[in-house]
Each structure stands twice: as C-alpha cells, then as structure tokens.
Amino acid sequence: MITPAPPPPKPLPAVQPPTAPSGFCLDALSIHVVDAELMGAVQAGVDLLTPYFGCQKFRIDGTGLPVKFGPVTPLLNARVLGYAHSTPASYEIWINPDCWGVVGEWSSVVAHELGHYLGWQHGDDHPYMWLAAPPGSYAQPSDFAIVCY
C-alpha cells in the first residue's frame, strides 16, 4: 500500500497578526519618561517587574503613561518618594524631586508606582507593593508612608 503525500500547506494570509518586539509582552503598556534624568530609574523599575510577567510589561517609547518629577511634597505635605497621581482625565506617576538627590535607589519605587497603575494596592501579593524603605528614606511610624530624609 502506498501512503499518499500530505496535502500542500495552506498559504499564509496576506496580513499577518502583529508580533511583539522581542522580550515585550503582547499587551505591553507604553511609558513616556518626561524628565530625561529619570530614564535609568524607570527602565530599572520596568526590569524589576519583568520576571513576574515573563516578558517586559512596559515599553518606554515616548507615549502613554507619563513618569515625571511632580509636586509630591506640597500635595501630600510630606516628602513621600513617589505618587500615582490620577484624575478622571489622566494618570501620571510622579517622582518627588525633593527626594531625588537624597534617596540612593529608585527602581523599587518606580516598580511600586507602576504596580498602582496596573491596579495593584498596598498589601497585595504582587511584587513591590510591600516596599522596604530604600537608602536615604524611612517609613513614617504613623502611616508607614516612605519619605526621604
């Protein structure tokens, strides 16, 4: 008995579905780092979250979620390191410029604020939502907010 040849392969469709750039999640979210001085800290924060997702969840491409220095101290009346500022019309991540030269490590702070953008809350089992105070900061005994010296 002769085995028939397999049928010819089906032709590929003319339009292929988009592929994610190497290493990015298919649903990667865009980040716009407004203040260039923050670029390294933002990329390091994104890198901290990458193992959790198995791919890079955020793409720093100059569009999307603004990450910038913001007026955190006057808003909260405290030198809190970062703040996820949301209004009905917008969402931004603010890094406190009063703390920038004081705190020695920012990647975990950025990862924490990006977690808020994803809807994570303090106390969740998600990474970096329980944040240890980085060098140059401490947790206030009254509310555990992390503030800089």
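Kindly establish whether GLU113 is in contact with a Phe, Trp or Tyr (Cβ under 9 Å, 6 or more places away or on another chain) and within 17 Å of ASP47 (Cα to Cα).
So GLU113 passes the test.
Does any residue of region 93-108 turn out to be of a type in the set (Phe, Trp, Tyr), within 14 Å of LEU48 (Cα to Cα) and at pLDDT 95 or above?
yes
The values are calculated or read from the model by the stated rules, or taken from the named source; none is laboratory data. Computed from a prediction, not measured in an experiment: that's the story for all the values here. No Cβ is skipped: glycine too gets one built from the backbone with ideal geometry, and neighbour counts run over all protein chains shown.
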